[in-house]
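Chemist: Here it is: the structure, laid out below.
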Amino acid sequence: MTSRKPNPPKHAPLTRSTGAPPSRDIESPEKLLKITGYPAVAALFQVAPERIVRFFYEDRMVPKIGTFCAFMASRHRPYRMLDAEELARVAGTVRHGGIIAIAEPRPLLPFSADEAKFWVASKQALFVLDGIGNTHNLGAIARTLAFFGYDKLVLSDHPLQAGLSDSAYRVAEGGLEYLNLYKAARLPALLHKLQSSYRIVGTSLEHGMPLENLPPDPRPPLVILGNEEHGLAPTTLRASEVVVRLKGKGSVQSLNVSATAAILAYTLKSPPTPPPQAARSPSRAAKPTLSRKPRPAGERKR
């Protein structure tokens with residue numbers, strides 16, 4: 001009689017910490033990302049699970065992560081349940097949300113003006129970050145763009161431009177996984193090359209045209225957002241065809257750059273394609289007119 005193999009568990013076996021120092025599989029090299037928070041980790045498992053090399057979580061997350069653990073088990077990659085203190089030590093922050101994926105960094109694609117000219121067919125605005133130094137702002141902008149259906153984000157080689165850090169992924173809450181990310185070198189020169197395809201729109205805190213006065217243009221806009229403190233560099237402003245600002249009441253100087261990006265992303269998103277007109281239903285078709293039979297001669301009308 002042959003023994004029957006047990007069915008695989010819905011999620012991998014769980015282990016609790018014994019208070020011993022973390023094993024080497026918990027240590028995260030600096031070159032790897034520590035992606036925390038359920039939305040960000042769930043998006044990573046959905047879009048690019050092959051980048052995940054280790055996975056840790058609290059017991060309260062078990063009902064949500066069965067498929068995550070199953071994937072890690074199928075690839076023979078380490079995953080463990082830890083308490084909140086150990087998770088904070090692994091993540092380097094208490095803001096881990098009870099879940100951490102240690103993942104390979106996502107490479108930035110080189111931005112090409114020639115390739116970007118083919119993107120205009122979508123009529124979608126293109127956003128470029130040129131000196132956004134706060135990683136939280138980078139993450140918030142990525143979240144906004146993904147929410148509104150944008151699929152690209154360009155980072156310039158500005159020395160103050162923030163990169164894709166752990167905190168950027170946490171604040172983006174999965175948005176970075178749904179964007180194609182590009183790195184643009186020598187941005188002003190690229191902007192000059194793209195003027196025939198895109199309308200180059202710079203942004204400013206105090207100067208420029210109010211956004212509501214921006215006239216229509218058949219070209220999709222390429223919107224450049226500058227450093228939180230200094231704004232766009234003079235060379236970038238000179239390469240812009242038009243500079244816009246958000247007009248407030250004057251009580252405060254300006255909005256946070258991520259809030260500005262959200263307003264621009266909503267205002268400049270491409271209009272939806274109108275649905276095709278449905279064929280007329282047979283039930284609503286005009287009824288044929290019935291011809292009346294002639295009344296016999298001499299018959300009175302009742």
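The values are calculated or read from the model by the stated rules, or taken from the named source; none is laboratory data. Keep in mind that what you see is a predicted model, and the values were worked out from it rather than measured. Here the Cβ positions follow ideal geometry from the backbone for every residue, glycine too, while neighbour counts run over all protein chains shown.
Chemist: Being buried (at least 19 other Cβ atoms within 10 Å of the Cβ) and either within 15 Å of the chain's Cα centre (by Cα) or of a type in the set (V, I, T) (or both) is the filter here; which residues of region 143-166 pass it?
Modeler: Within region 143-166, R143, T144, L145, A146, Y150, K152, L153, V154, L155, L164 qualify.
Chemist: Follow-up question, since we're still on this one. Which of the residues belonging to region 172-186 are part of a strand (DSSP E or B) and among the aliphatic types (A, V, I, L, M)?
Modeler: L181, A184
Chemist: Of all the residues that make up region 161-211, how many are among the hydroxyl-bearing types (S, T, Y) and over 30 Å from T93 (Cβ atoms)?
Modeler: Total satisfying the criteria: 5.
Chemist: Answer with yes or no whether G139 is under 21 Å from A262 (Cβ atoms), part of a loop (DSSP other than H, G, I, E, B) and touching a residue at least 24 places away in the same chain (Cβ under 8 Å).
Modeler: Criteria not met by G139.
Chemist: Going through region 238-259 one residue at a time, which ones are farther than 21 Å from Y182 by Cα and either of a type in the set (V, I, T) or crowded, with 18+ Cβ neighbours inside 10 Å (or both)?
Modeler: Within region 238-259, V242, V243, V244, L246, V252 qualify.
Chemist: Identify all residues within region 176-192 that are in contact (Cβ under 8 Å) with a residue 60 or more places away in the chain and either buried (at least 22 other Cβ atoms within 10 Å of the Cβ) or of a type outside the set (A, V, I, L, M) (or both); write none if there are none.
Modeler: Selection gives L176, E177, Y178, N180, Y182, K183, A184.
Chemist: While we're looking at this one, here's another question. Take the residues in region 242-260 that are over 16 Å from I132 (Cβ atoms), in contact with a Leu (Cβ under 9 Å, 6 or more places away or on another chain) and outside any strand (DSSP E or B); name whichever of them is modelled with the highest pLDDT.
Modeler: Step by step, filter region 242-260, then rank; the result is L246.
Chemist: In this structure, is R77 surrounded by 15 or more Cβ atoms within 10 Å (Cβ to Cβ), in a loop (DSSP other than H, G, I, E, B) and out of contact with any Cys (no Cβ under 9 Å at 6 or more places or on another chain)?
Modeler: Yes.
Chemist: Would you mind telling me which numbered condition in (1) over 21 Å from H158 (Cα atoms); (2) surrounded by fewer than 18 Cβ atoms within 10 Å (Cβ to Cβ); (3) in contact (Cβ under 8 Å) with a residue 12 or more places away in the chain N213 fails?
Modeler: The failed condition is (3).
Chemist: If I go through region 88-131 residue by residue, how many of them are within 23 Å of K183 (Cα to Cα), surrounded by 15 or more Cβ atoms within 10 Å (Cβ to Cβ) and aliphatic (A, V, I, L, M)?
Modeler: 9
Chemist: Filter region 52-70 down to the residues that are under 22 Å from K31 (Cβ atoms) and either touching a helix residue (DSSP H, G or I) at 6+ places or on another chain (Cβ under 7 Å) or modelled with pLDDT under 95 (or both) and list them by number.
Modeler: I52, R54, F55, F56, listed by residue number.
Chemist: For region 35-87, give me each residue that is among the hydroxyl-bearing types (S, T, Y) and within 23 Å of P107 (Cα to Cα).
Modeler: Selection gives T36, Y38.
Chemist: Give Y169, Y150 a once-over and let me know the one that is outside the structural domain of Q46 (by TED's automatic domain parsing), in a loop (DSSP other than H, G, I, E, B), at pLDDT 95 or above and of a type in the set (S, T, Y).
Modeler: Y150
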